[in-house]
1. When both residues are 6+ apart or on different chains and their Cβ atoms are under 8 Å apart, which pairs have a first residue that lies in region 154-178 and is on the phi > 0 side of the Ramachandran plot, and a second that is aromatic (Phe, Trp, Tyr) and modelled with pLDDT of 95 or more?
2. Could you run through region 29-45 and say how many residues are in a loop (DSSP other than H, G, I, E, B) and touching a Leu at 6+ places or on another chain (Cβ under 8 Å)?
3. Every residue in region 18-44 that is of a type outside the set (Ser, Thr, Tyr) and surrounded by 18 or more Cβ atoms within 10 Å (Cβ to Cβ), please.
4. Can you confirm whether region 120-142 contains a residue that is closer than 27 Å to ARG64 by Cα and of a type outside the set (Val, Ile, Thr)?
5. Starting from residues that are outside any loop (DSSP other than H, G, I, E, B) and β-branched (Val, Ile, Thr), keep the ones in region 102-145 and report whichever is nearest to ARG189 (Cα to Cα).
6. Which one of VAL82, VAL92, VAL119 is of a type outside the set (Lys, Arg), touching a Lys or Arg at 6+ places or on another chain (Cβ under 6 Å) and closer than 16 Å to ARG18 by Cα?
7. Can you list residue pairs whose Cβ atoms sit under 6 Å apart, with the first residue in region 17-38 being over 17 Å from SER192 (Cα atoms) and the second being modelled with pLDDT of 95 or more and assigned to a helix (DSSP H, G or I)? Count only pairs 6 or more apart in sequence or on different chains.
8. Answer yes if at least one residue in region 98-109 is closer than 24 Å to ASP156 by Cβ, touching a residue at least 12 places away in the same chain (Cβ under 8 Å) and in contact with a Ser or Thr (Cβ under 9 Å, 6 or more places away or on another chain), and no otherwise.
Amino acid sequence: MKVSIITVCLNSARTIRRALESVRQQIYNNIEVIVIDGVSTDETLYVVSEFNDIVITLVSEKDRGIYDAMNKGVSLASGDIVYFLNSDDELVGSSIVADVVNMFQKNPSLDMLYGDIIVRHAEFDKYIKHQHVNKNNVLHTGICHQAIFARRSLFDKNGDFNLNYRIYADFDWIIRVFRANLVTKYFPRVVSIFHSGGISMSDQNYNLQERLLVQYQYEEGLTLKLGHYRMRARYHLFRLLGVYG
């Protein structure tokens, strides 16, 4: 079973070595690495060249943003499973890909597997658990795409990322997966470290507006607000019970 790891980047010389090194350290060998570069002007491509032993495909050309680059990566992927590794993030542990493949092999009908992530800020780490995400609450919780391994065929079933969204196309795509009743499974393990400070952190007002645009596709305003309040109450209850750290 082949795994396609797709990394999109632009002027990522400072961080991409860490990301690719976390792939190089994997004990699972049947991995293709696809790097989609948006024509970097720093030393990104020079750093990528240090990983010719694992980078199977490198494309450097103008794109329409992160999700256009991610869609390009999917179109080039020949693996059975697809994973998106941001250029400033890293996989956790050398066996994570092997263990994920084992889960897919044990569950032939599985479309998407998702675990947990660590969000790394300058002064602290935040553990994000996804074990309670389901069809009924994904609209209010979401799953970080850094936690997700998906079958390549899922993109044929569910479509690509919607380029109308600049920041939350992955959120929209994940909602579509759950609402289509495709087969998903929680993997109780930390998959990756997500380093904060990327585009999703850059403009909080725009972020909120775009997230709401995605949500309003699936629920009307009042229903959406009621669902949001239910999820906040549920979250605080779980914190009191010690389910969330």
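The values are calculated or read from the model by the stated rules, or taken from the named source; none is laboratory data. Keep in mind it's a predicted model, so treat the numbers as computed, not measured. So basically every Cβ, Gly included, is an ideal-geometry build from the backbone, and we count neighbours across all protein chains shown.
1. That search, which allows pairs on different chains as well, returns GLY159/TRP173.
2. Within region 29-45, the subset in a loop (DSSP other than H, G, I, E, B) is 29-30, 38-43.
Within this subset, residues satisfying the condition of being touching a Leu at 6+ places or on another chain (Cβ under 8 Å) are 38-40.
Going through region 29-45 one residue at a time, the tally reaches 3.
3. ALA19, LEU20, VAL23, GLN26, ILE31, VAL33, ILE34, VAL35, ILE36, ASP37, GLY38 - these are the residues of region 18-44 that are of a type outside the set (Ser, Thr, Tyr) and surrounded by 18 or more Cβ atoms within 10 Å (Cβ to Cβ).
4. yes
5. Here the residue is ILE117.
6. Criteria check complete, one pass: VAL119.
7. From residues that are over 17 Å from SER192 (Cα atoms), the pairs are ILE34/GLY73; ILE34/LEU76; VAL35/VAL48; ILE36/ALA69; ILE36/LYS72; ILE36/GLY73.
8. Within region 98-109, not a single residue is closer than 24 Å to ASP156 by Cβ, touching a residue at least 12 places away in the same chain (Cβ under 8 Å) and in contact with a Ser or Thr (Cβ under 9 Å, 6 or more places away or on another chain).
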